[in-house]
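Values in this text are rule-based calculations from the coordinates and carry no lab data. Being a predicted model, the structure only gives us computed values, none of them experimental. Positions of Cβ are generated from backbone atoms using ideal geometry, with glycine treated the same way; all protein chains shown enter the neighbour counts.
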Amino acid sequence: MGNDQNLILHLKRRDKKALSSLYDKYAAALYGVIVRMCKDEQAAENLLQDTFLTIWEKSETYDFEKGKFYTWAFRIARNKTLNFLRTPNRLIQTEDLSVYNDRTEAQNNDIDQYKLKGAIAKLEVHHQKAIELVYFNGMTHREAHEEMDVPLGTFKSYIRQALQELRKLYGHTIAFLMILIEVIR
């Protein structure tokens, strides 16, 4: 198949160059997810490193037949971030630290966030709530379905329907949205 499969085969043979290539390819997307969840740049950097350490250590458990590499890596990153957020006695960040070095980049991202928020606002209320709980509050599907007091299968269909509707409303211009859609496939 594709380049990823070849890289992963080399990774499973403990080829550090393969890990480096996968890092170059996926680190930015994974970092984006982590920093949005934990809202702490230093913690996000540490969690990203920890994610790739786990990818290195657990590479033999990845199965091409069960899904895409990115989805597997995303779940590792997300679980590590959720565990970090659940850790008691953690210092809570109370100020907004910018992840941007360049004001222009921050302004462009604000525009994208406004577009995404506008598209989310067009969804039905229960779809908005489902997206908010999982992708912005970092809850698992199990936690979120309990919060919404609906069956787990119903909750998962809310997520799937919401992402499909966002794809129609918003298009394919934000990498973050594509990451969300990729995860449910």
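Structure data summary
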{"item": "Proximal charge balance of T81 [Cβ under 11 Å; K/R count +1, D/E count -1]", "result": "+4"}
{"item": "Karplus (6.51, -1.76, 1.60) ³J(HN,Hα), θ = phi - 60°, over the stretch 29-39, in Hz, Gly and Pro reported as x", "result": "5, 5, 4, x, 5, 5, 5, 5, 6, 9, 6"}
{"item": "Vicinal HN-Hα couplings computed from phi for the stretch 140-154 (Karplus, 6.51 cos²θ - 1.76 cosθ + 1.60; Hz; Gly/Pro x)", "result": "6, 4, 5, 5, 5, 5, 5, 4, 7, 6, 10, x, 4, x, 5"}
{"item": "Radius 11 Å from Cβ of V150, net charge of other residues (Lys, Arg +1; Asp, Glu -1)", "result": "-1"}
{"item": "Length added when fully stretched, Q128-N46, from 0.36 nm per residue minus Cα-Cα", "result": "26.5 nm"}
{"item": "Set K12/K80; K17/K68; K12/K68; K25/K168; K25/K156; K16/K39 screened for pairs whose C-alpha atoms are more than 24 Å apart", "result": "K25/K168; K25/K156; K16/K39"}
{"item": "Net charge of Cβ neighbours under 14 Å - reference K16; Lys, Arg +1; Asp, Glu -1", "result": "+1"}
